[in-house]
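Since the structure comes first, as structure tokens, the remarks are kept for the end.
Throughout, read-outs are computed from the coordinates displayed, never taken from laboratory work. No experiment lies behind these values; they were computed from the predicted model shown. Because the Cβ atoms are built from the backbone with ideal geometry, glycine has one as well, and the counts that use them run over all protein chains shown.
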Amino acid sequence: MSNLLRELLDHGVLETVLFAVLLLGGLSILYYTVRTGVPPMPSHPSVRRAVFRMIPDRLAPATIYELGCGWGGIAFELAARYPEARVVAIELSPLPWLVCHIRRLLQRRANLEIRRADFLKSDLSDADLVFCYLMVVPMRGLQRKLAGELKPGAIVITSTFALPDWPVEGTETVPESMSATIYRYRAPG
Ligand SMILES: C[S@@+](CC[C@H](N)C(=O)[O-])C[C@H]1O[C@@H](n2cnc3c(N)ncnc32)[C@H](O)[C@@H]1O
């Protein structure tokens, strides 16, 4: 152990810094959960598998958006599954967004763009495929945005919470994750 590290440990500096970092991280998550109304809760692996099953087999999307990508689990998988596509992962909460960037140092994905932004203020008009796992309240605002912006026929997949008024094209229930339902829609023409 270097002398500097020993000095820092002896004076309790490292513990104080670690505590401050954890506290700030926790407060940041709390603040953005209240602000967006959605916690950065990752999808269960069985839900992830169901989401991929819901994507039509012959779809060759050029542009994919994950709205609220959290810690990046699904975005990284989308980028691996569709290497020809540009995958745009949007996240407002700084800590999960930062973790996605750190994760990309370990899991290289040349076609993955990680953006710190509010997806409600982002241009989604070039999307061929959109995925989100949010909560009940944001779904109505999102529905309005998607209806006004998406190309006719673009695929939208939502986890657990439905778009309130769009006709559902397909669903799958995931018993391993409290019977969560995955919904598939096509943007109206
Ligand atoms: C329940 S998590 C889902 C994470 C990931 N999509 C998954 O399925 O594993 C939802 C994420 O959406 C983010 N979020 C909610 N509203 C947002 C907004 N308007 N713009 C960007 N991110 C948002 C939250 O910060 C949270 O991390």
- Förster radius 25 Å - calculated FRET efficiency between A62 and T173, Cβ distance, rounded to 0.05: 0.25
- Message: Please give the charge dipole size of the chain, origin at the Cα centre, charges +1 on K and R Cβ atoms and -1 on D and E Cβ atoms. Round to the nearest 20 debye.
- Response: 280 debye
- Item | FRET E, pair D165, V13, Förster distance 45 Å, beta-carbon r, rounded to 0.05 | 0.20
- Task: Report the net charge of residues surrounding G68, where surrounding means a beta-carbon distance below 11 angstrom and charges are Lys +1, Arg +1, Asp -1, Glu -1.
- Result: -3
- Note on the structure: Within the chain, the percent of DSSP beta bridges that are antiparallel, given to the nearest 5, stands at 35 percent
- Label-point separation, S2 to S46 (7 Å along Cα→Cβ), nm: 4.8 nm
- Spin-label model distance (nm) - R115 vs V34, 7 Å beyond Cα toward Cβ: 2.8 nm
- Message: Ranking request for peptides 40-47, 69-76: highest mean number of other beta-carbon atoms within 10 Å first, then the rest in descending order.
- Response: 69-76, 40-47
- Item | Charge sum, other residues only, whose C-beta stays under 15 Å from V47's C-beta, Lys/Arg counted +1 and Asp/Glu -1 | 0
- Between the modelled labels at A80 and L98 (7 Å from Cα along Cα→Cβ) the distance in nm is 2.6 nm
- Note on the structure: Of the residues F119, F52, L92, the Cα lying farthest along the dipole of region 45-186 towards its positive end, which is defined by charges on the beta carbon of Lys, Arg, Asp and Glu, belongs to L92
- Task: Find me the longest stretch of the chain that has none of the exposed GluC sites (Glu not before Pro), where exposed means in a DSSP loop (not H, G, I, E or B) with at most 16 other Cβ atoms within 10 Å.
- Result: 85-168
- Query: Can you name the helices of the chain, as whole DSSP H runs, whose Cα span along the helix axis is 15 Å or more and whose Kyte-Doolittle mean is not below -1.0?
  - Reply: 13-36, 94-106, 136-149
